[in-house]
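What follows is a short report on a single structure.
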């Protein structure tokens, strides 16, 4: 029988753009009833219900409109809190405070409430009110400096990775707090810092920096801290086709020499151990580069993986969308929007072999669920809802 | 359960066996830091993941891997050889008392030892098994070998990272392992919730490739909505909204769209706005299309300033700017210091404390801290084998002698 894990959970979602919506999307994918609060005013750009970006991060959610700048809206919000398990917000720390909707006030109406604040810097500290976005937090957290070929040209990742990491940590914290609530009946306030979330992803390097502060440099694609050689990214035939290879064990090294057509090379003294291969990596890189140059990435990877060597095609978005392996695992699926048009979306990488996550729904239009939430859940009459709409509170 | 029994953290009472190498040891570190009891099972002599650098004092020594240190805090450590019959028997005893397992073996390996999910769930129907592998348990590439580089390649991360003139660039460190570990930790917490409702465990299948592809932010969205194949554009964000600029003494990450008029006034007050005062530049779309010129003018200006000056003044004016920090700078960050983000852990063998990054959240519930460094190989053999499985000293000696533990 289908079992939807989070179906009895209700989440009030005040988050915008990426980190917060990603966290609540994961909750929604597993069946939680996520109610996203919007206003017509802020539903523009990345927060426009019509944009592809919004639709991706807000699938499976409900949408209501509520303008919290009105004092009456605050009462409605408290009513919603009373019937919710989790409140998620990613404003800068002043915002909920100014609305009078901080955790201490919310837990008065819902004592076992779990609330998470997902701000850039955290709720405390000298920078708590600083503004930041995913890419700038990647720079603060060391990823831009380290992901580069040289310290004189910091590059960083080609997307807002920090928002994804913070979203994942947000879900871990919420679910851990729910487990604690299950055992003790206690609610929880969680103060998450996206800056710190980025820092955790370079944890070993921060230990290294504690010991050797002035010795930490970007590594490009080299295997400085990895017991592998040869190791790297090599150009294949065709435009922008590349192949990555990593040779760890002696067995893999022998296999590589076989695949590259020179089995006896494996026994040569200067390549006879990992440290010797690392010492002579320039020569090995050239050997691999020459072999790759006239081959397609597909052929190279097939030969290498066929011989048990870790290797991979550098896939672009088009490759990923057509990747037969991802399709065999049903990684992508089509979601039909309100207009009847389907959009492809990636599913969850958390694959349960028995539990189901239920039928998926496309992202909601603005305020689509006002009647359900205010009427059915809060029990307001049609006339009451109409009056809130006329006064611009539900708007 | 009363609150005293939960003094270790939110997940106190949860018991996990960790068979994972570097691909997912961060998953159980995360849960151990949150209060779960995690027993790391290594091969006699120590796990392969102890060979991952960087190393303390640069010695490639099994007890000096900083990567292992970081990814295994707060765990207990035992040794056990699953390739031996006696080792497997002991493992099944452990599975009766610890009903969550995280593993990273090639698909099929546990099956060959008769320790796959179907077999284990017969021993303990509440068992939650989480398998983290390069490509997952199913599909045409399931037997392919992987590592962070291969996952970053196949997952789509490398193609969009680097400059237009450089080869694709792997994200620094072991990002796919942290992503997969975070997804695996969420999977475990979901499976625990399901189990409390149904009484039945679960097999969770995590693929490194999918962990990367699922977190590409704009990349798949733009492909599916506009058929755009995102390429590499250095530090310039895909929508041109952010870029890294050189200063006198380092680099700063700027936004080029927020508070545009204020930015132009600022440049102008120093006589460096050039033609950006022209009204046409107030149009965001126009700036996006002529971004090269904007970058040129702004970079002339940033080069006349220090990083701190632009960061502090910028933030005062609500520009969401940030310095490009090195690991050394991060250790000295006033914000992280104020939040006590780094916590010292004692390492007896060097009689030194190392400063560890904590998890990125604080909870309103306070717990008694029990921060512990990563275990040495077999450090808790006696505690587990004697204390929990009830083996005698003689039995333990024998198992050691036979290299089972």
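Coordinate-derived values only; no laboratory data. Quick caveat: nothing in here was measured; it's all calculated off a predicted structure. Because the Cβ atoms are built from the backbone with ideal geometry, glycine has one as well, and the counts that use them run over all protein chains shown.
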(message) Could you check the spin-label model distance between residue B:124 and residue A:217? Points 7 Å from the Cα along Cα→Cβ, value in nm.
(response) 4.8
(message) Out of all DSSP beta bridges in chain A, what portion is antiparallel? Express it as a percent rounded to 5.
(response) 40
(message) To make sure I understand, if each residue's beta carbon is the centre and we count other beta carbons within 10 Å, what order do B:300, A:199 fall in, fewest to most?
(response) B:300, A:199
(request) Grab every C-alpha pair in the range A:35-121, bin the distances at 5 angstrom width from 0 up to the longest one, and report whole percents. (result) 3, 13, 21, 25, 21, 13, 4, 1
(request) Compute log10 of I(q)/I(0) for the range B:10-164 with the Debye formula, placing one identical point scatterer on every Cα and leaving out solvent, at q = 0.09, 0.18, 0.19 Å⁻¹, to two decimals. (result) -0.32, -1.20, -1.29
(message) How would B:367, B:391 line up from fewest to most surrounding beta-carbon atoms within 10 angstrom?
(response) B:367, B:391
(request) Could you tell me how many degrees, from 0 to 90 and to the nearest 10, lie between the Cα long axis of helix A:71-82 and the main elongation axis, the longest principal axis, of the Cα atoms of chain A? (result) 70
(message) On the Cα set of the range B:110-257, report Rg and Dmax in Å, please.
(response) 19.9, 66
(message) Using a 10 Å cut-off around each Cβ of peptide B:277-286, what is the average number of partner chain Cβ atoms that fall inside?
(response) 0
(request) Springs between alpha-carbon atoms under 10 Å, Gaussian network over chain B: tell me which of B:273, B:32, B:143 tops the mean-square fluctuations. (result) B:273
(request) Take the alpha carbon atoms of the range A:40-85, find their center, do the same for the range A:190-255, and report the distance between the two centers in whole angstrom. (result) 40
(request) Give me the distance in nm between label points sitting 7 Å out from Cα along the Cα-to-Cβ direction at residue A:383 and residue A:239, one decimal. (result) 6.8
(request) Using only alpha carbon positions, build the gyration tensor of the range B:251-405, then give the equivalent ellipsoid semi-axes as the square roots of 5 times its eigenvalues, largest first, whole angstrom. (result) 59, 17, 15
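Expressed as a whole percent, how much of the Cα-Cα distance distribution for chain A exceeds 40 Å?
Tail of P(r) above 40 Å: 31 percent of Cα pairs.
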(message) Taking the Cα centroid of the range A:342-395 and of the range B:314-374, what is the distance between the two, rounded to the nearest whole Å?
(response) 39
(message) Starting from the Kirkwood Rh over alpha-carbon pairs, what translational D in µm² s⁻¹ does the range B:151-226 have by Stokes-Einstein at 25 °C and 0.890 mPa s?
(response) 173
(message) I'd like the FRET efficiency for residue B:393 and residue A:283, computed as 1/(1 + (r/R0)^6) with the beta carbon distance as r and R0 of 56 Å, rounded to 0.05.
(response) 0.55
(request) Report Rg/Rh for the range A:91-213, rounded to two decimals, where Rg is the Cα radius of gyration and Rh the Kirkwood radius. (result) 1.06
(request) Rank the residues B:272, B:158, B:52, B:220 as a footprinting-exposure proxy: fewest other Cβ atoms within 10 Å of their Cβ go first. (result) B:272, B:220, B:52, B:158
(message) Just checking the output field for B:46-52: average partner chain Cβ neighbours within 10 Å of each residue's Cβ?
(response) 2
(request) Count, for each residue of A:215-227, the Cβ atoms from other chains sitting within 10 Å of its Cβ, then give me the mean as a whole number. (result) 5
(request) Mind telling me which of A:84, A:193, A:255 comes out most flexible in a GNM of chain A, alpha-carbon contacts under 10 Å? (result) A:255
(message) Just to be sure I understand the curve: with the Debye formula and one point per C-alpha of chain B, what is log10 I(q)/I(0) at q = 0.08, 0.11, 0.14 Å⁻¹?
(response) -0.56, -0.94, -1.29
(message) Between residue B:228 and residue B:143, what's the calculated FRET efficiency when r is the beta-carbon distance and R0 is 25 Å? Round to 0.05.
(response) 0.15
(message) Can you order the peptides A:371-381, B:161-171 by their average number of other Cβ atoms within 10 Å per residue, highest first?
(response) B:161-171, A:371-381
(message) Let me see the P(r) profile for the range B:285-368: every Cα-Cα distance counted, bins of 5 Å, each bin given as a percent of all pairs.
(response) 3, 10, 12, 16, 15, 12, 9, 9, 6, 4, 3, 1, 0
(message) Place a point 7 Å from the Cα of residue A:98 along the Cα-to-Cβ direction; which residues of the range B:307-327 have their backbone N under 20 Å from it?
(response) B:314-321
(message) What translational diffusion coefficient, to the nearest whole µm²/s, does the range A:263-365 have by Stokes-Einstein, given a Kirkwood radius computed over alpha-carbon pairs, a temperature of 4 °C and 1.567 mPa s viscosity?
(response) 72
(request) Take the alpha-carbon positions of the range B:242-324, form their convex hull, and give its projected area averaged over all directions (one quarter of the hull surface) in nm². (result) 4.6
(message) Taking the 0 to 90 degree range and rounding to the nearest ten, how far is the long axis of helix A:161-184 tilted relative to the main principal axis of chain A, both from C-alpha atoms?
(response) 60
(request) Express the C-alpha Rg of the range A:160-246 as a ratio against the empirical globular expectation 2.2 N^0.38 Å, rounded to two decimals. (result) 1.64
(request) Work out how much length residue B:286 to residue B:371 would gain on full extension: take 0.36 nm times their residue separation and subtract the Cα-Cα distance, in nm to one decimal. (result) 25.2 nm
(request) Once you've got the GNM for chain A with C-alpha springs shorter than 10 Å, pick whichever of A:67, A:75, A:251 has the biggest mean-square fluctuation. (result) A:251
(request) Using the Kirkwood radius over Cα pairs, work out the Stokes-Einstein diffusion coefficient for the protein assembly as shown at 25 °C and 0.890 mPa s, in µm²/s as a whole number. (result) 89
(request) Could I have the simple spin-label model distance between residue B:332 and residue B:197, label points 7 Å from Cα toward Cβ, reported in nm to one decimal? (result) 5.2
(message) Order A:164-171, A:294-301 from most to least packed using the mean count of other Cβ atoms within 10 Å.
(response) A:164-171, A:294-301
